[in-house]
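S.K.: I am attaching a structure below and will ask some questions about it afterwards.
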Amino acid sequence: DTARVARALEVVRSTGRTLALWQQHKSGGIAAQISLAPLILRPPRPWLFERCDRRFEQMVTGGGIAEAERLIARGLSPSLPVMRAIGVPEIAAWLSGRIDHAAMIERGRIATRQYAKRQYTWFSHQPPAAWRREMGQIDDKSIEDIVTKFLD
């Protein structure tokens, strides 16, 4: 995994200590003061995909284009993880004139949905069966219901 190897090398170069040493010596923090329990949210896929579409559009209108422009201006390699992040290749293609705005939005929506689908699949099969799962739609009201059920 090149990303993990690169991260491990960054830690050694920056601190003189391996990542394993940092992970062995945990101190401080709030772990003793809180209690955590896993909860997996798996809303209905149509609802999730509609949220993904809205989220990508919010990203574009909320500064995503300017962020992609700054990344492109740095002349970074397209193979870097930051340049492959959801939205960056799509916005870059639009900014360079290779696709129109509507195609950029649609491709960004698709990339967002594909990422959500991979997460959904992972959360469906990988975590322990004992972890609680919530499969309904999520909104302000349902969050209160989920939290109430979870705390019982």
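The values are calculated or read from the model by the stated rules, or taken from the named source; none is laboratory data. The structure displayed is predicted, hence computed values, not measured ones. Every residue, glycine among them, receives a Cβ derived from its backbone with ideal geometry; neighbour counts consider all protein chains shown. The area values use the complete protein model at the heavy-atom level, side chains included, leaving out ligands, DNA and RNA. Shrake-Rupley method; radii C 1.70, N 1.55, O 1.52, S 1.80 Å.
S.K.: Could you report the chain's accessible area per residue, 1.4 Å probe, as an integer in Å²?
M.R.: Details: 11190 Å² over 152 residues.
Dividing the accessible area of the chain by its residue count gives 74 Å².
S.K.: Follow-up. Can you sort Asp140, Asp100, Asp53, Asp145 by solvent-accessible area, 1.4 Å probe, largest first?
M.R.: Numbers: Asp140 130, Asp100 95, Asp53 35, Asp145 65 Å².
If we order Asp140, Asp100, Asp53, Asp145 from most to least accessible, we get Asp140, Asp100, Asp145, Asp53.
S.K.: Here's another thing I want to ask about it. Hey, what does the equivalent ellipsoid look like for the chain, semi-axes from the Cα gyration tensor as sqrt of 5 times each eigenvalue, largest first, whole Å?
M.R.: Numbers: eigenvalues 202, 160, 37 Å².
The answer is 32, 28, 14 Å, longest axis first.
S.K.: Run the 1.4 Å probe and let me know the accessible area of His101, rounded to the nearest 10 Å².
M.R.: 90 Å²
S.K.: Taking all protein chains as present, what is the carbon and sulfur share of the accessible area of the chain, in % to the nearest whole number, probe 1.4 Å?
M.R.: With neighbouring chains kept in place, the figure for the chain is 56 percent.
S.K.: From the residues Val147, Ser35, Leu80, which one has its Cα farthest along the dipole of the chain in the positive direction, the dipole being from +1 and -1 charges on Cβ of Lys/Arg and Asp/Glu about the Cα centre?
M.R.: Leu80
S.K.: Follow-up question, since we're still on this one. For region 44-125, what is the relative contact order in percent, using Cα pairs closer than 8 Å and at least 6 residues apart in sequence?
M.R.: 38 percent
S.K.: Over all directions, the average projected area of the alpha-carbon convex hull for region 44-125 comes to how many nm²?
M.R.: 5.8 nm²
S.K.: Can you pull out the trypsin sites (Lys or Arg not before Pro) in region 68-152 that DSSP calls coil and that have at most 12 other Cβ atoms within 10 Å?
M.R.: Here the trypsin sites (Lys or Arg not before Pro) that fit, given the DSSP loop and packing criteria, are Arg74, Arg98.
S.K.: Report the charge-dipole magnitude of the chain in Debye, nearest 20, computed about the Cα centre from +1 at each Lys and Arg Cβ and -1 at each Asp and Glu Cβ.
M.R.: Working: 23 positive and 16 negative charges, 121 e Å.
The calculated dipole for the chain is roughly 580 debye.
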